[in-house]
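Engineer: Mind having a look at this structure? Questions to follow.
Nothing in this text is a laboratory measurement; each read-out follows from the coordinates by a stated rule. Because the structure is predicted, anything quoted here is derived from the model rather than measured. A quick note on method: Cβ atoms are made from the backbone with ideal geometry, for glycine too, and the neighbour counts reach across all protein chains shown.
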Amino acid sequence: KQEVTQIPAALSVPEGENLVLNCSFTDSAIYNLQWFRQDPGKGLTSLLLIQSSQREQTSGRLNASLDKSSGRSTLYIAASQPGDSATYLCAVRKADSWGKFQFGAGTQVVVTP
Amino acid sequence: NAGVTQTPKFRVLKTGQSMTLLCAQDMNHEYMYWYRQDPGMGLRLIHYSVGEGTTAKGEVPDGYNVSRLKKQNFLLGLESAAPSQTSVYFCASSYKRGGGYTFGSGTRLTVV
């Protein structure tokens with residue numbers, strides 16, 4: 001069974017600092033990986049979807065890298081802002097999973113002004 | 001552009017009562033999923049559907065049933081609610097097998 005781990009569970013940074021969020025998975029035979037943001041009491045918002053053939057994907061201040069062989073993905077958020085405070089989850093999809101994602105527990109981020 | 005809509009948003013049930021959660025998507029997505037989210041447990045898949053008329057069990061299916069009679073709707077039923085089913089329930093959909101998920105805003109269910 002695919003295990004998805006996100007460390008650290010919580011992170012606090014001052015405004016302006018770059019955020020680095022880690023996601024590791026045990027089975028490297030993945031189809032793709034998706035990063036989400038979840039605000040307290042809200043649903044999940046998609047940030048980036050990175051295919052297994054890609055090394056990275058970018059959207060604005062967000063950049064996600066993928067190293068399939070080592071079972072890792074990293075989400076970088078440049079020049080963090082208080083509005084970036086949220087929980088960030090990664091989800092991994094195996095090639096034979098009928099589209100199902102396996103989720104990590106998330107990293108709770110607080111950006112202090 | 002509604003995306004994925006879940007109803008109701010909040011519900012309190014007494015033990016033994018039944019209810020149905022509705023997930024509706026207007027994106028013509030083929031695949032639909034029900035997850036529950038609990039503190040310390042993360043998101044766990046309950047049931048999923050790969051097309052109209054199909055359903056399959058996920059990781060934690062016991063105590064739940066689902067139906068996908070129409071492509072745009074995916075219903076999650078609790079026949080006899082238990083306190084262990086207190087959770088936040090999320091529906092997600094994807095256009096194809098490899099597409100990204102779009103989530104609904106969730107249903108917060110409390111069983112007393």
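Engineer: Using only the Cα atoms of the stretch B:36-98, each taken as one equal point scatterer with no solvent, compute I(q) by the Debye sum, divide by I(0), and report log10 of the ratio at q = 0.13, 0.18, 0.21, 0.23 Å⁻¹.
Structural biologist: Treating every Cα as an identical point scatterer, log10 I(q)/I(0) equals -0.36, -0.68, -0.91, -1.06.
Engineer: Provide the gained length on full extension for the span B:SER84 to B:ALA56, in nm with one decimal, where the gain is 0.36 nm per separating residue minus the Cα-Cα distance. Numbers along the way, then the final one.
Structural biologist: Values: separation 28, 0.36 × 28 = 10.08 nm, distance 2.16 nm.
Gain on stretching B:SER84 to B:ALA56: 7.9 nm.
Engineer: Under a point-charge model restricted to the Cβ atoms of Lys and Arg (+1) and Asp and Glu (-1), what is the dipole moment magnitude of chain A relative to its Cα centre, in debye to the nearest 20? Kindly include the intermediate steps, with their values, before the conclusion.
Structural biologist: Details: 10 positive and 9 negative charges, 67 e Å.
For chain A, the charge dipole is close to 320 debye.
Engineer: Something else now. Which whole-Hz ³J(HN,Hα) couplings does the stretch A:74-91 yield from phi under the Karplus relation 6.51 cos²θ - 1.76 cosθ + 1.60, θ = phi - 60°, glycine and proline marked x?
Structural biologist: Taking θ as phi minus 60°, the curve returns 10, 9, 9, 10, 7, 6, 4, 10, x, x, 7, 5, 4, 9, 10, 10, 10, 9 Hz for the stretch A:74-91.
Engineer: No solvent, one uniform scatterer per C-alpha: report log10 I(q)/I(0) for the protein assembly as shown via the Debye equation at q = 0.08, 0.12, 0.18 1/Å, two decimals.
Structural biologist: These q points yield log10 I(q)/I(0) values of -0.29, -0.65, -1.33.
Engineer: Next question. Using θ = phi - 60° and the Karplus relation 6.51 cos²θ - 1.76 cosθ + 1.60, list the HN-Hα couplings for the stretch A:45-51 in order, rounded to whole Hz, with x at every Gly or Pro.
Structural biologist: 10, 6, 9, 8, 10, 10, 7
Engineer: Now for a different question. Tell me the volume per residue, in Å³, of the convex hull enclosing the alpha carbons of chain B. It would help to have the intermediate numbers written out before the result.
Structural biologist: Values: hull volume 10.3 nm³, N = 112.
So the per-residue Cα hull volume is 92 Å³.
Engineer: When Cβ neighbours within 10 Å are restricted to other protein chains, what is their mean count per residue of peptide B:93-102? Could the numbers behind the result be given before it?
Structural biologist: Working: counts 1, 6, 1, 1, 7, 8, 5, 13, 11, 4.
Per residue, the average neighbour count from other chains is 6.
Engineer: Enter the Cα centre distance for the pair the stretch A:58-109 and the stretch B:39-112, rounded to the nearest angstrom.
Structural biologist: Cα centroid to Cα centroid, the span is 22 Å.
Engineer: If you don't mind, another one. Greater than 24 Å separation of Cα atoms is the criterion. Which listed pairs, A:LYS94/B:LYS9; A:LYS100/B:LYS70; B:LYS9/B:LYS96; B:LYS70/B:LYS96, meet it? Numbers along the way, then the final one.
Structural biologist: Numbers: A:LYS94/B:LYS9 31 Å; A:LYS100/B:LYS70 20 Å; B:LYS9/B:LYS96 27 Å; B:LYS70/B:LYS96 17 Å.
Distance filter (> 24 Å) returns A:LYS94/B:LYS9; B:LYS9/B:LYS96.
Engineer: Okay, moving on. Could you go through the stretch B:8-25 in sequence order and give the Karplus-derived ³J(HN,Hα) for each residue, using 6.51 cos²θ - 1.76 cosθ + 1.60 with θ = phi - 60°, rounded to whole Hz, and x for Gly and Pro?
Structural biologist: x, 8, 9, 7, 10, 10, 8, 3, x, 6, 10, 7, 10, 9, 10, 10, 10, 10
Engineer: Any idea which of A:CYS90, B:SER87, B:VAL111 is furthest toward the positive side of the dipole for the protein assembly as shown, if Lys and Arg beta-carbons carry +1 and Asp and Glu beta-carbons -1?
Structural biologist: So the residue we want is B:VAL111.
Engineer: Just to verify a number: FRET efficiency for B:VAL12 and A:ASP39, C-beta to C-beta distance, R0 = 22 Å, to 0.05?
Structural biologist: Details: r = 23 Å, r/R0 = 1.06.
It comes out at approximately 0.40.
Engineer: Let me ask something else about it. What's the Kirkwood radius of chain A in Å, using all Cα pairs? Write out the running numbers ahead of the final one.
Structural biologist: Details: mean 1/r = 0.0713 Å⁻¹.
Taking every pair of different Cα atoms in chain A, averaging 1/r and inverting gives 14.0 Å.
Engineer: While we're on this one: Name the long-range amide H neighbours of B:MET27: under 5 Å, sequence gap of 5 or more, or other chain; modelled H, no Pro or chain starts.
Structural biologist: none
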